[in-house]
Amino acid sequence: MKFIIYFLLIIVVFGSCQKTYTRLPDASTLIPQLKFKNVVILGNSITFTPSNPVGEWKGNWGMAASAADSDFVHRLAVSFRKFVPSCKVTARNIAEFELYYNNYDFNANLMVKR
């Protein structure tokens, strides 16, 4: 009797584990529906670091990249412009916020100059 109950239980469990697949929409069909003109990327030295002739850093882009077109901001900008060619991407280094977040003046430091 126990054998039959276990057997039926196993059949019910395995029968309820039937896999079904739902096809998700392709990401490339979703992105063109987005409407954006301006993108602001806020970060620290990996976002943007100006050249420092006295120090070791000679680039004028995000640190950890070997060239300007290799940092993540420029790579993101290329991706954004595939979908919206007129997209304006602005990167700001707000490393000061990491250190002095209590006194950080957002209005003075993040005002977009037009």
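Apart from one condition, Leu76 fits all of (1) surrounded by 14 or more Cβ atoms within 10 Å (Cβ to Cβ); (2) in contact with a Gly (Cβ under 8 Å, 6 or more places away or on another chain); the exception is (2). Selection of the stretch 47-56 for residues being of a type in the set (S, T, N, Q) and surrounded by 14 or more Cβ atoms within 10 Å (Cβ to Cβ) yields Thr47, Thr49. Looking across Val40, Val54, one residue alone is in contact with a Ser or Thr (Cβ under 6 Å, 6 or more places away or on another chain), at pLDDT 75 or above and not in a helix (DSSP H, G or I). It is Val40. Scanning the stretch 43-73 for residues that are under 18 Å from the mean Cα position of the chain (by Cα), of a type in the set (S, T, N, Q) and farther than 18 Å from Leu110 by Cβ returns a single hit, Ser70. Looking at Phe83, Phe72, just one residue is under 14 Å from Val39 (Cα atoms) and at pLDDT below 85, and that residue is Phe83. Taken residue by residue, the stretch 57-69 has at least one member that is surrounded by fewer than 15 Cβ atoms within 10 Å (Cβ to Cβ), in a helix (DSSP H, G or I) and aliphatic (A, V, I, L, M).
Looking at the stretch 94-112 only, could you name the residues that are in a helix (DSSP H, G or I) and either within 21 Å of the chain's Cα centre (by Cα) or in contact (Cβ under 8 Å) with a residue 60 or more places away in the chain (or both)?
Ala95, Phe97, Glu98, Leu110 - these are the residues of the stretch 94-112 that are in a helix (DSSP H, G or I) and either within 21 Å of the chain's Cα centre (by Cα) or in contact (Cβ under 8 Å) with a residue 60 or more places away in the chain (or both).
The values are calculated or read from the model by the stated rules, or taken from the named source; none is laboratory data. Treat the numbers as computed from the prediction; the structure is a model and nothing was measured. Please note: Cβ atoms are built from the backbone with ideal geometry, for glycine as well, and neighbour counts cover all protein chains shown.
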